[in-house]
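Step one of this worksheet: look at the structure below.
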Amino acid sequence: MDKSSLITVIIFAYLAVTLGVGLMAGRRASRSVQGYVAGDRDFGLLVMYFITGATVFSAFAFLGGPGWAYSRGAAAFYILTYGVLGMAPWYAMGPKVAALGRRFGFVTQAQLLVGRFPSRGLSAMLAVLTLAAFVPYVTIQMRGAGIVIEAVTDGRIPLAAGAAVAYAIVLVYVLSSGVSAVGWTNTFQGVVMLVIAWALGIYLPYHLYGGVGPMFEQIMAERPELLSLPGLTGSGEPWSWGGYSTAILASAIGVTMWPHLFMKAYTARNDKIIRRTVILFPTFQLFLIPVFLIGFAGVLFPESPDQADFILPFLVLRSELPALVVGLFCAGALSASMSTGDALLHGAASVVVEDGVQPFWKLSDKGQRLLMRILVVLVGALAYLFALVEGFSLVDLLLASYGIICQYMPAMLAALYWRRATTAGVVSGLLVGSAVSVFFFLMPELKPLGMHEGILGLIAHIPVLLVVSLRGTPQDGEHVEGYLHV
Amino acid sequence: MRFHTWRRITWAYHLTFAIAVIWPIQSLVNTPKPFVLGLPFQMAWPAAWIVGSLLVLWRLDAARTRHIGATSAGGDE
């Protein structure tokens, strides 16, 4: 068997194992919305650790991370810093969110906000914003999967077919087993990602330069601009400190607030498991170090790929690694893509049904699960159509959605910790913050100091939330107590 | 140390972490040398803060477990 066929076989074997794990996972979950969306609130530490890590680190980290290190140098370090900053608040917030979920039966993030600030309009708005943020995110994951498969099979399996195969498998296990499948496949995929990233990240610098230190010595001598913060922009100009610093802050807030991650607080068996997951998260985060090393290993490589994001498969295919290693690398990249994509598809469907439909038309438990499954397919199909369109600037759309997701933060803090917050304050804050964020996304040249639009949105959002809330009538004391003291 | 002390330390640590990796502190820590385990210094800097976060959170949790044991408040599981 030639190398390319062997690689293809390994990829399909990997996909078969993933499918098996996903289908097995659902056999224990109950046939209810609580079972499909919150895993009957019964996930242990192992699954919580990997579901968090593998969901946070997507195809963007696995392919985009090396791409950034390769083309933008030190700018990539921002990706290293924000994850832990975003996750640490969960040590305090996670158990509280989980307790509210148990008390009121919440399975989504918006249900908590709307529970504290009753408004069907708010619920619908959050459902629409979440869906708008998720579709480009899923599309990026699909393209990532397709790119890897196309690259390593020498184009014998084109992008469209590769993405279709990988995500058909995701659809099958998410449809049949819901979040249990997401949890157990992410555990398997997380292990694959960690092992592959560390192995390749250490191997490639040794193989090409004789070590990590010697590699950076050479980069320092030949491309010193890559080892000076805040690094470069995509077009090779120096990046601004305002942009670098606010990218860290906005992304950290995004990690705290992304609805598909937030919802996972409801899946943990007990509070101790949530806390342990937060404590252990930094160990997952450090896997970005080998990922960056792979990108830096490409800097002085004599040839260069068409696009920076291809640097990882490009190097792997050119460094005369055995077929088995290339196949496993491919599995690692697919893991990164699929472990985020499945959580997003499942999250999008759950949010649309629970927050966009349920407040307006009451469905039975069975009806809700049926509609969620239909939506998983529809959202998947929509994202797939986008994935087929070339040159569509998805990363830009994703960055815009980060700006909007940031605006969830003041609303959530108000719901959990601020007695005087009112529905009017939260809704007007969200509207103003999102509008400002979208405005600066569309008019990037007007951004002061090159700051991230999410942070600019927050600068407008927080005063509006405070002023409108303080001028309005306080909420009923007993109602507020139910959220503040759990 | 008591749980409440560790809770304050944890907050202070992560706030310092956030400040240390953005402008202006990070712009002062902007040299590739000395390498730490082969990594440029500006890259080892956030990595060290990440490892520190693991240690601080772990100590906080240990203090929390002792605190709950001592007050036998339980209610956690």
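Residues that are in contact with a Leu (Cβ under 9 Å, 6 or more places away or on another chain) and in a helix (DSSP H, G or I) within segment A:459-486 comprise A:461, A:464, A:465, A:482, A:483, A:484, listed in sequence order. A single member of A:281, A:292, A:296, A:301 is among the hydrophobic types (A, V, I, L, M, F, W, C) and surrounded by fewer than 22 Cβ atoms within 10 Å (Cβ to Cβ), and it is A:301. Within segment B:51-66, the presence of at least one residue that is small (Gly, Ala, Ser) and in contact with a Phe, Trp or Tyr (Cβ under 6 Å, 6 or more places away or on another chain) is confirmed. The residues of segment A:87-114 that are within 14 Å of chain B (Cβ to nearest Cβ), surrounded by 24 or more Cβ atoms within 10 Å (Cβ to Cβ) and within 19 Å of residue A:347 (Cα to Cα), listed by number, are A:87, A:98. Scanning segment A:216-239 for residues that are more than 9 Å from chain B (Cβ to nearest Cβ) and modelled with pLDDT of 90 or more gives A:218, A:221, A:222, A:223, A:225, A:226, A:231, A:232, A:238, A:239.
Apart from one condition, residue A:114 fits all of (1) more than 30 Å from residue A:218 (Cα to Cα); (2) within 21 Å of the chain's Cα centre (by Cα); (3) of a type in the set (Val, Ile, Thr); the exception is (2).
Flag: residue A:250 matches the condition of being crowded, with 23+ Cβ neighbours inside 10 Å, within 14 Å of chain B (Cβ to nearest Cβ) and assigned to a helix (DSSP H, G or I). In segment B:58-74, is there at least one residue being surrounded by 20 or more Cβ atoms within 10 Å (Cβ to Cβ) and facing chain A (nearest Cβ under 9 Å)? Yes, that holds for at least one residue.
Selection of first residues in segment A:264-278 that are part of a helix (DSSP H, G or I) and of second residues that are modelled with pLDDT of 90 or more and of a type in the set (Lys, Arg), restricted to Cβ pairs under 8 Å at least 6 apart or on distinct chains, gives the following pairs, ordered by first then second residue: A:275/B:64.
Here residue B:53 qualifies as within 8 Å of chain A (Cβ to nearest Cβ) and touching a His at 6+ places or on another chain (Cβ under 9 Å). Within segment A:279-310, restricting attention to residues that are modelled with pLDDT under 85 and part of a helix (DSSP H, G or I), the residue that is nearest to residue A:53 (Cα to Cα) is A:309.
Within segment A:175-192, residues that are closer than 14 Å to residue A:350 by Cα have Cβ atoms under 9 Å from residues that are of a type in the set (Asp, Glu) and crowded, with 24+ Cβ neighbours inside 10 Å in these pairs: A:182/A:342, counting only partners at least 6 apart in sequence or on another chain. Filtered by the rule that a residue be in a helix (DSSP H, G or I) and more than 7 Å from every other protein chain (Cβ to nearest Cβ), segment B:34-50 gives B:41, B:44, B:45, B:48, B:49.
Which of (1) more than 10 Å from every other protein chain (Cβ to nearest Cβ); (2) more than 18 Å from the chain's Cα centre (by Cα); (3) not β-branched (Val, Ile, Thr) does residue A:270 not meet, given it meets every other one? That leaves (1) as the condition not met.
What pairs come up if the first residue lies in segment A:290-312 and is within 14 Å of chain B (Cβ to nearest Cβ) and within 10 Å of residue A:65 (Cβ to Cβ), the second is aromatic (Phe, Trp, Tyr) and buried (at least 24 other Cβ atoms within 10 Å of the Cβ), and their beta carbons are under 7 Å apart, counting only those six or more places apart or on different chains? The qualifying pairs are A:291/A:62; A:295/A:68; A:295/A:70.
Selection of first residues in segment B:36-53 that are over 18 Å from residue A:217 (Cα atoms) and of second residues that are part of a helix (DSSP H, G or I) and of a type in the set (A, V, I, L, M), restricted to Cβ pairs under 7 Å at least 6 apart or on distinct chains, gives the following pairs, ordered by first then second residue: B:46/A:80; B:47/A:80; B:47/A:289; B:49/B:20; B:50/A:84; B:53/A:84. Being at pLDDT 95 or above and surrounded by fewer than 24 Cβ atoms within 10 Å (Cβ to Cβ) is true for just one of A:60, A:117. Which residue is that? Just a single option satisfies the conditions, and that option is A:117.
Annotation: residue A:213 fulfils all but one of (1) more than 15 Å from residue A:73 (Cβ to Cβ); (2) assigned to a loop (DSSP other than H, G, I, E, B); (3) at the interface with chain B (Cβ under 9 Å from one of its Cβ atoms); the unmet one is (2). If you check A:174, A:191, A:195 for being crowded, with 24+ Cβ neighbours inside 10 Å and in a helix (DSSP H, G or I), only one passes: A:174.
The number of residues in segment A:19-52 that are in a helix (DSSP H, G or I), over 15 Å from residue A:273 (Cα atoms) and polar (S, T, N, Q) comes to 1. Being closer than 24 Å to residue A:181 by Cβ and within 14 Å of chain B (Cβ to nearest Cβ) is a description that does not apply to residue A:283.
Selection within segment A:69-86: residues that are hydrophobic (A, V, I, L, M, F, W, C) and within 20 Å of the chain's Cα centre (by Cα). The member of this set that is surrounded by the most Cβ atoms within 10 Å (Cβ to Cβ) is A:69.
The values are calculated or read from the model by the stated rules, or taken from the named source; none is laboratory data. Small disclaimer: the values here were computed from a predicted structure and weren't measured. FYI the Cβ positions are ideal-geometry reconstructions off the backbone, even for glycines, and counts take in every protein chain you see.
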